[in-house]
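Asks: Okay, here's the structure, questions in a sec.
The values are calculated or read from the model by the stated rules, or taken from the named source; none is laboratory data. Being a predicted model, the structure only gives us computed values, none of them experimental. No Cβ is skipped: glycine too gets one built from the backbone with ideal geometry, and neighbour counts run over all protein chains shown. Heavy atoms of the whole protein, side chains included, go into the accessibility calculation; ligands, DNA and RNA do not. Shrake-Rupley method; radii C 1.70, N 1.55, O 1.52, S 1.80 Å.
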Amino acid sequence: MHEYTSSSARVWGLSCPGFPEEVSRARRWTRDILRGSPLAEDAELIVSELSANAILHTASGQASGTFHLALAVSPQVIALSVTDDGGTGTAPKVEHQDQEAEHGRGLGMVSVLAHRVVVHDSPGGHTVTAELFTEAGPAGGHPC
């Protein structure tokens, strides 16, 4: 685990092998960092979904695969990012499935919990970042 501090935010990073049991490790890591935050439970669920998606739907879940987490905390926002190893023809996207669907609801759930979800593509993989705004929100505004 790595931790970086700037004047306005603290940032942590964690790399995990692409094994299903690493999802619970990612949740614990998130819970430990955000202990006492009213957003900790939502952040845990988001990290769990994004980590599971990386393992299930990308090369992160294959032999020697990994996924990487970043957690940035500032007075205005908690940003959670999961970067996968890519290997799929399409980038992750938010799809709102009906309640009976067995798959495809993960990013939809993340988009309901988070105030903003952004997907970045690169040749080596995808990074999904979910942002949870604190009461003050970015630039002193209020969350929507």
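Asks: Of Leu45, Leu56, which residue is closer than 16 Å to Leu113 by Cα and hydrophobic (A, V, I, L, M, F, W, C)? Before the answer, list the steps.
Replies: Details: Leu56 fails: closer than 16 Å to Leu113 by Cα.
None of the other options fit; the residue is Leu45.
Asks: Kindly evaluate Ser37 against the criterion of being assigned to a strand (DSSP E or B) and polar (S, T, N, Q). Break it down into steps so the answer makes sense when it comes.
Replies: On the way: assigned to a strand (DSSP E or B): no; polar (S, T, N, Q): yes.
Criteria not met by Ser37.
Asks: May I ask you to say which residue of Val11, Val110 is surrounded by 14 or more Cβ atoms within 10 Å (Cβ to Cβ), at pLDDT 90 or above, assigned to a strand (DSSP E or B) and within 17 Å of the chain's Cα centre (by Cα)?
Replies: Values: Val110 fails: assigned to a strand (DSSP E or B).
So the residue among Val11, Val110 that is surrounded by 14 or more Cβ atoms within 10 Å (Cβ to Cβ), at pLDDT 90 or above, assigned to a strand (DSSP E or B) and within 17 Å of the chain's Cα centre (by Cα) is Val11.
Asks: Please work out if Ala43 is outside any helix (DSSP H, G or I), closer than 15 Å to Phe133 by Cα, out of contact with any Phe, Trp or Tyr (no Cβ under 7 Å at 6 or more places or on another chain) and modelled with pLDDT of 95 or more. Quick ask: steps written out before the conclusion?
Replies: Working: outside any helix (DSSP H, G or I): no; closer than 15 Å to Phe133 by Cα: yes; out of contact with any Phe, Trp or Tyr (no Cβ under 7 Å at 6 or more places or on another chain): yes; modelled with pLDDT of 95 or more: yes.
So Ala43 does not fit the description; no.
Asks: Return the pair list, or none, for Cβ contacts closer than 6 Å from residues in segment 123-134 that are within 12 Å of Leu113 (Cα to Cα) to residues that are among the aliphatic types (A, V, I, L, M) and part of a strand (DSSP E or B), at least 6 apart or on different chains.
Replies: Partner pairs satisfying both residue conditions: Ala130/Leu80; Ala130/Val117; Glu131/Val77; Glu131/Ala79; Leu132/Ile78; Phe133/Val77.
Asks: Only one residue in Glu22, Glu49 is within 19 Å of Gly125 (Cα to Cα), of a type in the set (Asp, Glu) and open to solvent by less than 30 Å² (accessible area, probe 1.4 Å), so which one is that? Let's see the steps before the verdict.
Replies: Details: Glu49 fails: open to solvent by less than 30 Å² (accessible area, probe 1.4 Å).
Answer to the selection: Glu22.
Asks: Restricting attention to segment 71-85, report how many residues are surrounded by fewer than 18 Cβ atoms within 10 Å (Cβ to Cβ) and touching a strand residue (DSSP E or B) at 6+ places or on another chain (Cβ under 6 Å).
Replies: Adding up the residues that qualify gives 0.
Asks: Filter segment 113-130 down to the residues that are closer than 16 Å to Thr83 by Cβ and open to solvent by less than 30 Å² (accessible area, probe 1.4 Å) and list them by number.
Replies: Hits for segment 113-130 are Gly125, His126, Val128, Thr129, Ala130.
Asks: If you don't mind, there's one more thing I want to ask. What is the number of the single condition among (1) modelled with pLDDT of 90 or more; (2) crowded, with 18+ Cβ neighbours inside 10 Å; (3) within 18 Å of Thr129 (Cα to Cα) that Gly61 does not meet?
Replies: Here Gly61 clears every test but (3).
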